[in-house]
Every structure is written in structure tokens, then in C-alpha cells.
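Novice: Please read through the structure below; I'll follow up with questions.
The values are calculated or read from the model by the stated rules, or taken from the named source; none is laboratory data. What you are looking at is a predicted structure, and each value in this text was computed from that prediction instead of being measured. Every residue, glycine among them, receives a Cβ derived from its backbone with ideal geometry; neighbour counts consider all protein chains shown.
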Amino acid sequence: MTRRVGIIRFPGSTGFADAAEAVRLVGAEVHELDHTDTGFDVDVVLLPGGAAHGDALRPGALAALSPVIEPIRRHAEAGGTVIGIGNGFQILTEAGLLPGALLPNESGRFETAMVRVRVETTGEELQLPLAAGHARYHGDGTILLRHLDDPTGSEHDAAGIVSGSVVGVMVHPERAIHDLLGSTDGIAFLSSLIETGATTP
Amino acid sequence: MNAMQFNVQVEITLRDGVSDSEGVAIGNSLPELGFPGIDEVRVGRIVRFLIDAPDEAGARSRVTDLCDRFLANPAIHEFTFTLDGNA
């Protein structure tokens, strides 16, 4: 059965269109959800990248108080897959749906590069783009993706973590879906997250 | 009920043990910028606002709640604040 993926649009979710294109590419159905929604009926929730509310105060801090966070919390508690990419990951940590926090990169710079990461559950290596100023993970979350040449200074080189059925990644699988983009490694990774999720081992 | 208004200043800093990349960058640059002998630079943030509350205890409780749930992130921050009832 076709998986229904609800993509949340926060004010400043500039990664919405990229996420929607990638979700359709892997054969799933896109449901556009708004940050003010108080309920939804989808199989997977995806919080896209961007800069919700202009990253005011801290990335994700304002978005974490959005009405849509409560139904996302219920979805996660019922075992439903929740995926946060980039700013979406930051929102999930600010909302307490994932442990830890994302701090300014060790370099003090916005880091943008194609980076190598390893999927800890399978040992597979992927090339995925990173584009973030606050990508330095601080916390003790279970690592799903690990940087192999970490430009962020994250604890234990974390590039993505998982807690229950909630996943957050700082790299962008939805921007690695075509040869023209320099990598197609995002397709299988995203497809697997949408089809089967990633649960804490 | 005569609600009072308080002037609040909240100071938010990274907890000890959380590496402060901005503080490190500043600290590393100070000597060559002509400011030797300065160590352990930590950069924080100040937020000021006015808040309504029936009394000082009420204001303190409202500000603490605001900091706990929004202004500071307990995973990385600590905070202090001052209240001035002569707003």
C-alpha cells in the first residue's frame, strides 16, 4: 500500500519542495500539513529543512511550540515514523521528541559540503549533502548516521539519531536523489525510512 | 486585583561542559587583537521584556516557566534573571 507522508510546512520551511519531490520519487504520497494543524491522518510525518521562524532565538525553538507538535507527539507515541531533516531535526530536539540539542558548528561557520556518513544499523556508507550552521550534536541519543569526516564537531560524530520511531538527520537525503546533484544515495535511505522506519535497536 | 508590571532581564548561557564555539573563536583571537591575558570566554544572550504579575513571587514563577519551556533549552543552557518592579 502506498505510504502517506505528511510534510509539515512551518513559516520558513524552505526545504518543503525538495522533500516533496523526493517523497514522490520513492513512490510515496505527499500530504501537505501546516504548522497550525491539530490533527492528521498519515503514515509518516516529515519535518523538512529550512529555517522555521527565521531561526529566531534558536533554530527550532519557536516551531517546537507549534500546534502541530502535539499530534506529532501522539503519532510517535503510537509507533508512527517521524523524520526530521536539518531544521526538522532541530525542531524535534527543541520539542523534546529527540534527546540532545544542535549547537553552532565547531568552526563557527555555516558548513556546506557533500559528506560521507555511515548508517550504523547496516554499516552502509552514503554521500549526502550537509548545509547547516547549527549541526553540532550535543547529547546521548542513539546514533543512526555517523560522520566519517565530521565538519561539525558533533559528539561521537553524530550526523543523525533515532529514538523510538523518531529519526533526526542533519544531512539531506532529499537533496541526493539525482546524478546532477552529485549523489543518488538519498533515494534508498529515504525510501527505507518511509517504508519501514528506523527504530531504536 | 492590581496587577503589577515587572522589568525582566534574563541571561542565558551554555552549561559548563557544553563547548561554546563562539567563545572559543573569540578567546583564540583576543591575544592577536591586542587583548592578552583573557581566558575562558563564554558568550551568552540577554533577553529583556516586561511581564504582568500580581506580585514578585508570581512574576518569578512566570519567568521561570518561560525560561524552562522556551527561552532556554535545558539540554544545553542555564539561566538567571533579575526582576525590577518599578517598570
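Novice: Given the conditions (1) assigned to a helix (DSSP H, G or I); (2) surrounded by fewer than 23 Cβ atoms within 10 Å (Cβ to Cβ); (3) touching a residue at least 40 places away in the same chain (Cβ under 8 Å), and given that A:Leu126 satisfies all but one, which numbered condition is not satisfied?
Specialist: (1)
Novice: Suppose we filter segment B:16-46 for residues that are more than 10 Å from chain A (Cβ to nearest Cβ) and in contact with a Leu (Cβ under 6 Å, 6 or more places away or on another chain); how many remain?
Specialist: Final tally of qualifying residues: 1.
Novice: Same structure, new question: Checking A:Ala63 against (1) more than 20 Å from A:Ala176 (Cα to Cα); (2) over 16 Å from the mean Cα position of the chain (by Cα), which test does it fail?
Specialist: Among (1) more than 20 Å from A:Ala176 (Cα to Cα); (2) over 16 Å from the mean Cα position of the chain (by Cα), A:Ala63 violates only (2).
Novice: Can you report the number of residues in segment A:147-184 which are away from every other protein chain (no Cβ under 14 Å), in a strand (DSSP E or B) and under 21 Å from A:Leu97 (Cβ atoms)?
Specialist: Restricting attention to segment A:147-184, the residues satisfying the condition of being away from every other protein chain (no Cβ under 14 Å) are A:147-149, A:157, A:159-160, A:162, A:164-167, A:169-184.
If we keep only those that are in a strand (DSSP E or B) too, we end up with A:147, A:159-160, A:162, A:166-167, A:169, A:171, A:178, A:183.
Next, from what is left, pick out any that are under 21 Å from A:Leu97 (Cβ atoms): A:159-160, A:162, A:166-167, A:169, A:171.
Going through segment A:147-184 one residue at a time, the tally reaches 7.
Novice: Looking only at segment B:1-46, how many residues end up being farther than 24 Å from A:Gly133 by Cβ, loosely packed, with under 15 Cβ neighbours inside 10 Å and β-branched (Val, Ile, Thr)?
Specialist: 1
Novice: Do you know which of the residues in segment A:138-154 that are at negative phi and in contact (Cβ under 8 Å) with a residue 40 or more places away in the chain is surrounded by the fewest Cβ atoms within 10 Å (Cβ to Cβ)? Step through it out loud before you land on a result.
Specialist: Taking segment A:138-154 as the starting set, the residues that turn out to be at negative phi are A:138, A:140-152, A:154.
Cutting the leftovers down to in contact (Cβ under 8 Å) with a residue 40 or more places away in the chain gives us A:140-142, A:144, A:151-152.
On the way: A:Asp140: 13, A:Gly141: 21, A:Thr142: 17, A:Leu144: 23, A:Pro151: 18, A:Thr152: 26.
Among those that are at negative phi and in contact (Cβ under 8 Å) with a residue 40 or more places away in the chain, it is A:Asp140.
Novice: Among the numbered conditions (1) more than 30 Å from A:Ser107 (Cβ to Cβ); (2) within 13 Å of chain A (Cβ to nearest Cβ), tell me where B:Ala53 comes up short.
Specialist: In the conditions (1) more than 30 Å from A:Ser107 (Cβ to Cβ); (2) within 13 Å of chain A (Cβ to nearest Cβ), B:Ala53 misses (2) alone.
Novice: Name the single residue that is surrounded by the most Cβ atoms within 10 Å (Cβ to Cβ) among those in segment A:100-118 being at the interface with chain B (Cβ under 10 Å from one of its Cβ atoms) and over 14 Å from the mean Cα position of the chain (by Cα). Talk me through it step by step, then tell me what you get.
Specialist: Keep residues of segment A:100-118 that are at the interface with chain B (Cβ under 10 Å from one of its Cβ atoms), which gives A:100-109.
Filter again for over 14 Å from the mean Cα position of the chain (by Cα), leaving A:100, A:103-109.
Numbers: A:Gly100: 20, A:Leu103: 28, A:Pro104: 23, A:Asn105: 21, A:Glu106: 18, A:Ser107: 14, A:Gly108: 14, A:Arg109: 12.
Ranking the qualifying residues of segment A:100-118, first place goes to A:Leu103.
Novice: Turning to a different aspect of this structure: Run down A:Ala198, A:Ala135 and say which single residue is buried (at least 18 other Cβ atoms within 10 Å of the Cβ) and modelled with pLDDT under 95. Before the answer, list the steps.
Specialist: Numbers: A:Ala135 fails: modelled with pLDDT under 95.
Selected residue: A:Ala198, the only one of A:Ala198, A:Ala135 that is buried (at least 18 other Cβ atoms within 10 Å of the Cβ) and modelled with pLDDT under 95.
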